[in-house]
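Below: one structure, written as structure tokens.
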Amino acid sequence: MIWTSIFLILFCSHVPCSQGGVQESEEDGTAEMENQLSAEEQSKKLEKFLLGHIDITVPPAKHPLMPPKTESKFSFNVTLISVSQKENGVILPKPDEKDEDQEEEEVEEADEETSKEDEMVQPTTVQPATTLPADDNLNYISCLKGKRYYRKCYLIFQHFENYATAQQLCHSRGGNLAMPIDENEFAVLAKYVHDAFFPFNWPIWIGIHDRRSEGMYTFENSHRVSYFNWYKDHLVTQPNGGALENCVSISSDDGKWWDNDCSRRMYYICEY
């Protein structure tokens, strides 16, 4: 019992001391916290004094700019400004300050320039076409497509016609079937026909016949024929048709004359 009472006395004597130490440590912690709070308040006061009581706020993050649409079209307004130089510097007048009289003078000058350009342009004339279909050839262009011999023009038509129809077609175009009056003229005609059909051989109507009187050959203009170039060999001698063959044709390869039935259809040559 004695030792028990001694232990209790010693334990009780130490307990107040430990409580006092805990209280002192708590007081020191609170003092430090108060010092920290006072330091923060002082820094805030200093910031307000330096920045003029402006609250600094951080702006929100901006969204990135999106690229423009390709379908949208950009339009630009451009204003031309004239510059005038003076001694004190450069003056840029406003566009509205332009004098109206000056604009009218510029318009008149532009009109005068355009009128002068119009006067300088010479009128052009369109040349008529000289190429026509074979059936529509006229006498004034026959030599452009055919063969000229002095004042005559020969033109071949590659259409199969009988003698009467061929003569009628030549006459409707202002001419007749070809009528070579001498050897020189016939040589030109025969060469033209040869060159046109070479290397083939075709019979061609010319304007010679003996339909009015057997054996008396005349041209379509009723003049008598004085030059002949009949085909002859050891088997055939022209003319040999008698009353059945009264119209004359020439062969394109050698230019020899043949009497044929006038109803036979073949190419023909006109003269104008």
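The values are calculated or read from the model by the stated rules, or taken from the named source; none is laboratory data. All of these numbers come straight from a predicted model, not from anything done at the bench. Cβ: placed from backbone, ideal geometry, glycine included. Neighbour counts: every protein chain shown. Note: accessible area is taken over every heavy atom of the protein model, side chains too, but ligands, DNA and RNA are not part of it. Shrake-Rupley method; radii C 1.70, N 1.55, O 1.52, S 1.80 Å.
Below, the figures for the structure above:
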item: Residue within the range 206-223 that is at positive phi, free of Cβ contacts under 8 Å to residues at least 60 places away in the same chain and open to solvent by less than 50 Å² (accessible area, probe 1.4 Å) present; result: no
item: Verdict on Tyr192 being touching a Lys or Arg at 6+ places or on another chain (Cβ under 6 Å), assigned to a strand (DSSP E or B) and under 19 Å from Cys270 (Cβ atoms); result: no
item: Options Ser222, Ser263: the member that is part of a loop (DSSP other than H, G, I, E, B) and over 56 Å from the mean Cα position of the chain (by Cα); result: Ser222
item: Residue check, Leu235 hydrophobic (A, V, I, L, M, F, W, C) and in a helix (DSSP H, G or I); result: no
item: Hey, His171 in contact with a strand residue (DSSP E or B) (Cβ under 7 Å, 6 or more places away or on another chain) and either closer than 17 Å to Tyr268 by Cβ or aromatic (Phe, Trp, Tyr) (or both) or not; result: no
item: Selected residue (criterion: farthest from Tyr227 (Cα to Cα)) from residues of the range 170-187 that are surrounded by fewer than 17 Cβ atoms within 10 Å (Cβ to Cβ) and among the hydrophobic types (A, V, I, L, M, F, W, C); result: Ala187
